[in-house]
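Report on one structure; see the data block that follows.
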Amino acid sequence: MRYVPTSEPFYLYTFIFLKGDEQMNLTALYNISYGIYIVSSKKEDHINGQIANTVFQTTSEPATIAVCINKKNLTHEFITKSRVFAVSVLEQETDMKFIGRFGFKSGREEDKFKGINYKIGVTGSPIIMENTVAYMEAEVIMETDAGTHTLFVGKIVEAENIKKAIPLTYDYYHQVKRGVSPKNAPTYIPKEEKSEKEINKDRLSENSLFEN
């Protein structure tokens, strides 16, 4: 694999994987539509949450949603144990420090919810009330092993709209906010390691993000 310089900004450098005589450009995956969410859960008296982009509705009768979580993440452990989770849909104007708090810090090292406006839902999962357009709570009804990740499918037991605002999309996060994906994200591409260092150096005050 190798970098191929382009005329685009540094965070859009083309990253090529060589496969035989073919070139595979994994940045094509950026064209798949995603949102940016906080997926949260509980384990006994403890709570945790993380940024996730792979959240989608699976069925309407009953209403179910699926989330894809890295097996190394604390949130994965909590969902596995409690069999419940909540999804908070973030608004487009969510600042990068807030995203970094849930996306690039670990709940094993600090309380991500300290100083954050949240409530405990009917499942016992924490629900983010700031920067949130809507939320859903679900009880896990099935799961699928996806290698490094687990796909949890949950039956929705509660859902509510919080405010009228534009939801934050994965594309907006990358192109406008110039955000990157942490290593444990399902959409992580190795070339972003360089981008993260450059972003943090050039825009430290705005993008103060830490390793997840």
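Kindly indicate whether residue 101 is outside any loop (DSSP other than H, G, I, E, B) and modelled with pLDDT under 95. For residue 101, the condition - outside any loop (DSSP other than H, G, I, E, B) and modelled with pLDDT under 95 - is met.
Here residue 155 meets the list (1) crowded, with 20+ Cβ neighbours inside 10 Å; (2) among the charged types (D, E, K, R); (3) at pLDDT 95 or above almost entirely, failing just condition (1). Scan segment 123-138 for residues that are under 10 Å from residue 158 (Cβ atoms) and assigned to a strand (DSSP E or B) and the total you get is 5. Among the residues examined, residue 59 qualifies as hydroxyl-bearing (Ser, Thr, Tyr), without any contact (Cβ under 8 Å) to a residue 40 or more places away in the chain and over 20 Å from residue 100 (Cα atoms). Scan segment 85-103 residue by residue and report those that are closer than 23 Å to residue 151 by Cβ and either surrounded by fewer than 16 Cβ atoms within 10 Å (Cβ to Cβ) or not β-branched (Val, Ile, Thr) (or both). Scanning segment 85-103 gives 85, 86, 88, 90, 102, 103. Residues of segment 122-135 that are buried (at least 21 other Cβ atoms within 10 Å of the Cβ) and not aromatic (Phe, Trp, Tyr): 123, 125, 126, 127, 128, 131, 132. Of the residues making up segment 19-58, those that are among the charged types (D, E, K, R) and touching a Ser or Thr at 6+ places or on another chain (Cβ under 9 Å) number 3.
Identify, please: which residue in segment 76-92 is part of a helix (DSSP H, G or I) and charged (D, E, K, R) and is, among those, nearest to the chain's Cα centre (by Cα)? Among residues in segment 76-92 that are part of a helix (DSSP H, G or I) and charged (D, E, K, R), the one nearest to the chain's Cα centre (by Cα) is 77. Checked against the criterion of being surrounded by fewer than 22 Cβ atoms within 10 Å (Cβ to Cβ), under 14 Å from the mean Cα position of the chain (by Cα) and under 25 Å from residue 171 (Cα atoms), segment 106-114 contains one or more residues that satisfy it. Against the test of being among the aliphatic types (A, V, I, L, M) and either in a loop (DSSP other than H, G, I, E, B) or in contact with a helix residue (DSSP H, G or I) (Cβ under 9 Å, 6 or more places away or on another chain) (or both), the options 116, 141 yield a single qualifying residue, 116.
The values are calculated or read from the model by the stated rules, or taken from the named source; none is laboratory data. Treat the numbers as computed from the prediction; the structure is a model and nothing was measured. Ideal geometry is used to build each Cβ from the backbone, glycine not excepted, and the neighbour counts take in all protein chains shown.
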